[in-house]
Amino acid sequence: MLALSATLLSCNYNSNNVTVKPTTKTQDAKQFVENAQLALQKVRLPSAQAAWVYQTHINQDTAALSAYLSEKSSSLSSELAKQSAAFNDVKVDSDTRRKLELMRNSLVLPAPADSEKSARLSQITSDLEGMYGSGKYCRSENDCMGLTDMSNIMSTSRDEALLLEMWQGWRQVSPAMKSLYAEEVAIANEGAKELGFADISDLWRGSYDMPAEDFGNELDRLWGQVKPFYDALHCHVRAELGNQYGTDKVPQDQPIPAHLLGNMWAQSWGNIYDLVKPKQELDVIDVTQALATHNYDEIKMVKQAESFFSSLGFAPLPDTFWERSQFTKPADREVVCHASAWDIDDKDDLRIKMCIQKTGEEFAVIHHELGHNYYQRAYKNQPLLYRESANDGFHEAIGDTIALSITPKYLKEIGLVENIPDASNDIGMLLKLALDKIAFVPFGLMVDQWRWKVFSGEVKPADYNKVWWQLREKYQGVMAPTERGDDAFDPGAKYHVPANTPYTRYFIAHILQFQFHKTLCDISGNTDPIHRCSIYGSKEAGEALNNMLEMGKSKTWQEALTTLTGKGEMDANAILAYFAPLKEWLDEQNRGRTCGF
Ligand code: X8Z
Ligand code: ZN
């Protein structure tokens, strides 16, 4: 870092006593960008390696090392971002301008210049991740459970008391995070101000190739498109849960209690399909069952996902992927189980980190993670500042797009099922998927609606939890099943809050993946209804996808979207069209019911 400062100082762009002609300054800007990329490259590798070791071996030493190296990397990024402002009024080519802007915009939690505060920020960041990763709920002294086991109960149990216990139990890990989180926000806000942003929310919302306010309006527009469908799904699900658990537990004119939706955070509801499914006997493939019948273990699940990408023309994953990834939960140590995909060296050291469960849900998550890895590899030859997705929602959408092609036809082709159910069963298949995809949309939106208010100071620590639940009720129509205590910090029980992973990306991804799927199906020559289309084996679709992936972040996301779909706007019509037959069915079911929350 010291060496870098010396190099940068030699550019003179920040000096008052040297007259620099505009042309020289233009040249300085290019040189600055080049030097910055080289310097970032140097710190990124050890920082990624330390973060990997920490998350796969949580202990005091790995926490300290990871915090130390992440501080080096983030303080350098913040420093460069600040320095890049010196070129604000300098005439530079559009490519250099974009890189300068990315330098300023792509930080998640910017470190302030004060080195003590910067070190404290890294320490808190690393501590929060560790607290989440090693979080446990103890029923008694010798009977403790981690998130994986508790999540399994949330998805399969229909015992209301047990579900409530798990729901409350997991939320005991987060009160201890609250003051750390508030401190972290305060420090990072200082960093954001030093960069010229009003606060971190201004920074986060400003990373979408359009003014922050316009981006907020785009989100509202998209949610407005999906909301009528969501309301219909919500109405049906609440009615059926009322039948299952009684209307005293599930009042029919109120939000749905959050512990009954088959997921620890009530974010996707596919696990309660059997409670809300159509009354007539339908043949809907149970992928969990099929995997068990065909003796799929965790590695075979990943190999199968890899072979989908191979069928599109993507090169196989490197040997190191298989040697270095974490596929299952180690028995002998604490790890962060939350699934993630890693690009350690920006070359070929790709890995996933998961605690794979042998379920259909996790089979989809594997495709999700590999989507990240294939994207990373596709843009690896871009300059460092462009080694990113077009926007963060694109990164989240790629693997999900592929997973939409896990259709009955595909499952038969790879030998996981023997028969393809005929079209009369489609409502069941669509309902099951809508419980995951449509139900997720308002959750994908509300997490950052909360965070942006926290970052801007509109919501103070004393109201963190209250406002969290106001937003859960407003967007999702989901409520806390019990009174929440004064110390509760329920946002902290969701990985992305302690881990500081922005969440709007998943909202966007849920819209985009259906746009991508539609386009790729058309390119592959599909003639089936869109929900039966699989692009498996289509080299043409693979090539079109790759053309967008390899652009990385070198162009705006609107341009990247146009490259693939011919249109530069996000549009929820694709997801609505996909599920259209289900909407009719839901409206019919809901006739005579009281809907709304
Ligand atoms: O966090 C994830 C991925 C890793 S980027 C597994 N997802 C969100 C979540 O689990 O909350 C995927 C969908 C939403
Ligand atoms: Zn992801």
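Has the range 298-306 got any residue that is within 16 Å of ligand 1 (Cβ to nearest atom), among the hydrophobic types (A, V, I, L, M, F, W, C), farther than 22 Å from R505 by Cβ and at pLDDT 95 or above?
yes
Are there any pairs, at least 6 apart or on different chains, whose C-beta atoms fall under 6 Å, with the first in the range 340-351 and over 15 Å from P316 (Cα atoms) and the second within 16 Å of ligand 1 (Cβ to nearest atom) and charged (D, E, K, R), and if so, which?
These pairs meet every condition: S340/K353; A341/E369; W342/R351.
Go through K72, K82, K99 for me and flag whichever is touching a residue at least 60 places away in the same chain (Cβ under 8 Å) and under 23 Å from A182 (Cα atoms).
Testing whether each residue is touching a residue at least 60 places away in the same chain (Cβ under 8 Å) and under 23 Å from A182 (Cα atoms) leaves just K72.
Within the range 570-593, how many residues are surrounded by 17 or more Cβ atoms within 10 Å (Cβ to Cβ) and in a loop (DSSP other than H, G, I, E, B)?
The qualifying residues number 4.
State whether one or more residues within the range 430-439 are within 16 Å of ligand 2 (Cβ to nearest atom) and not hydroxyl-bearing (S, T, Y).
yes
Here are the criteria: (1) touching a helix residue (DSSP H, G or I) at 6+ places or on another chain (Cβ under 7 Å); (2) farther than 21 Å from A176 by Cα. Tell me which single one G415 does not satisfy.
So the condition that G415 fails would be (1).
So that you can scan it fast, the table gives a plain yes or no per residue for (1) touching a helix residue (DSSP H, G or I) at 6+ places or on another chain (Cβ under 9 Å); (2) within 12 Å of ligand 1 (Cβ to nearest atom); (3) assigned to a helix (DSSP H, G or I):
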{"residue": "W322", "(1), (2), (3)": "yes, no, yes"}
{"residue": "P330", "(1), (2), (3)": "yes, no, no"}
{"residue": "H338", "(1), (2), (3)": "yes, yes, no"}
{"residue": "I352", "(1), (2), (3)": "yes, yes, no"}
{"residue": "K358", "(1), (2), (3)": "yes, no, no"}
{"residue": "I366", "(1), (2), (3)": "yes, yes, yes"}
{"residue": "Q376", "(1), (2), (3)": "yes, no, yes"}
{"residue": "I402", "(1), (2), (3)": "yes, no, yes"}
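Residues that are out of contact with any Gly (no Cβ under 9 Å at 6 or more places or on another chain), polar (S, T, N, Q) and crowded, with 17+ Cβ neighbours inside 10 Å: which helices (runs of 4 or more DSSP H) entirely in the range 64-166 hold 2 or more of them?
Once the helices (runs of 4 or more DSSP H) in the range 64-166 are filtered for at least 2 residues that are out of contact with any Gly (no Cβ under 9 Å at 6 or more places or on another chain), polar (S, T, N, Q) and crowded, with 17+ Cβ neighbours inside 10 Å, what remains is 115-133.
Taking W468 as meeting all but one of (1) surrounded by fewer than 20 Cβ atoms within 10 Å (Cβ to Cβ); (2) without any contact (Cβ under 8 Å) to a residue 24 or more places away in the chain, write down the number of the exception.
(1)
Can you tell me how many residues in the range 522-541 are more than 25 Å from K432 (Cα to Cα) and touching a Leu at 6+ places or on another chain (Cβ under 7 Å)?
Residues flagged as more than 25 Å from K432 (Cα to Cα) and touching a Leu at 6+ places or on another chain (Cβ under 7 Å) within the range 522-541 amount to 3.
Tell me whether the range 490-504 contains one or more residues that are touching a Leu at 6+ places or on another chain (Cβ under 9 Å), of a type in the set (G, A, S), surrounded by fewer than 18 Cβ atoms within 10 Å (Cβ to Cβ) and closer than 15 Å to W204 by Cβ.
Yes - at least one qualifying residue is present in the range 490-504.
For the range 304-320, what are the residues that are part of a helix (DSSP H, G or I), more than 22 Å from the chain's Cα centre (by Cα) and either buried (at least 22 other Cβ atoms within 10 Å of the Cβ) or not charged (D, E, K, R) (or both)?
Q304, S307, S310, S311, T320
Return the residues of the range 337-347 that are modelled with pLDDT under 95 and either on the phi < 0 side of the Ramachandran plot or within 16 Å of ligand 2 (Cβ to nearest atom) (or both); say none if nothing qualifies.
K347
Can you name the number of the only condition in (1) more than 15 Å from the chain's Cα centre (by Cα); (2) within 23 Å of F394 (Cβ to Cβ); (3) assigned to a loop (DSSP other than H, G, I, E, B); (4) within 16 Å of ligand 1 (Cβ to nearest atom) that D348 fails?
So the condition that D348 fails would be (4).
Checking L411 against (1) aliphatic (A, V, I, L, M); (2) within 14 Å of ligand 1 (Cβ to nearest atom); (3) in a helix (DSSP H, G or I), only one condition comes out false. Which one?
Among (1) aliphatic (A, V, I, L, M); (2) within 14 Å of ligand 1 (Cβ to nearest atom); (3) in a helix (DSSP H, G or I), L411 violates only (2).
Yes or no, residue by residue, for (1) within 16 Å of ligand 1 (Cβ to nearest atom); (2) assigned to a helix (DSSP H, G or I); (3) under 23 Å from the mean Cα position of the chain (by Cα); (4) not aliphatic (A, V, I, L, M):
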| residue | (1), (2), (3), (4) |
| --- | --- |
| H372 | yes, yes, yes, yes |
| K380 | no, no, yes, yes |
| G393 | yes, yes, yes, yes |
| E396 | yes, yes, yes, yes |
| L416 | no, no, no, no |
| S424 | no, yes, no, yes |
| L433 | yes, yes, yes, no |
| V441 | yes, yes, yes, no |
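I'm trying to understand the selection: among the residues of the range 222-250, which are surrounded by fewer than 19 Cβ atoms within 10 Å (Cβ to Cβ) and under 26 Å from K494 (Cα atoms)?
Answer for the range 222-250, where residues must be surrounded by fewer than 19 Cβ atoms within 10 Å (Cβ to Cβ) and under 26 Å from K494 (Cα atoms): G224, K227, D231, Y245, K249.
Looking for whichever is over 24 Å from S340 (Cα atoms), free of Cβ contacts under 8 Å to residues at least 12 places away in the same chain and more than 16 Å from ligand 2 (Cβ to nearest atom) here; the options are T556, T482, T562. Which one fits?
T562
All but one of (1) within 16 Å of ligand 2 (Cβ to nearest atom); (2) under 30 Å from G146 (Cα atoms); (3) in contact (Cβ under 8 Å) with a residue 60 or more places away in the chain hold for N373; which doesn't?
(3)
Which residues, taken from the range 265-300, are farther than 29 Å from Q476 by Cβ, of a type in the set (A, V, I, L, M, F, W, C) and touching a Lys or Arg at 6+ places or on another chain (Cβ under 8 Å)?
L291, A292
Return the residues of the range 196-226 that are touching an Asp or Glu at 6+ places or on another chain (Cβ under 8 Å) and of a type in the set (G, A, S); say none if nothing qualifies.
Matches in the range 196-226: S207, A212.
Taking E418 as meeting all but one of (1) surrounded by 20 or more Cβ atoms within 10 Å (Cβ to Cβ); (2) away from ligand 2 (no atom under 11 Å from the Cβ); (3) farther than 30 Å from K30 by Cβ; (4) free of Cβ contacts under 8 Å to residues at least 60 places away in the same chain, write down the number of the exception.
Exception for E418: condition (1).
So I406 ticks every box in (1) assigned to a loop (DSSP other than H, G, I, E, B); (2) under 19 Å from L576 (Cβ atoms) but one. Which box is left unticked?
(2) is the only condition that I406 fails.
Take the range 356-370 and flag every residue that is within 11 Å of ligand 2 (Cβ to nearest atom) and not β-branched (V, I, T).
H367, H368, E369, L370 - these are the residues of the range 356-370 that are within 11 Å of ligand 2 (Cβ to nearest atom) and not β-branched (V, I, T).
The values are calculated or read from the model by the stated rules, or taken from the named source; none is laboratory data. Bear in mind the structure is a predicted one, so any value in this text is a computation, not a measurement. Neighbour counts are summed over all protein chains in view; Cβ atoms, including those assigned to glycine, are modelled from backbone coordinates with ideal geometry.
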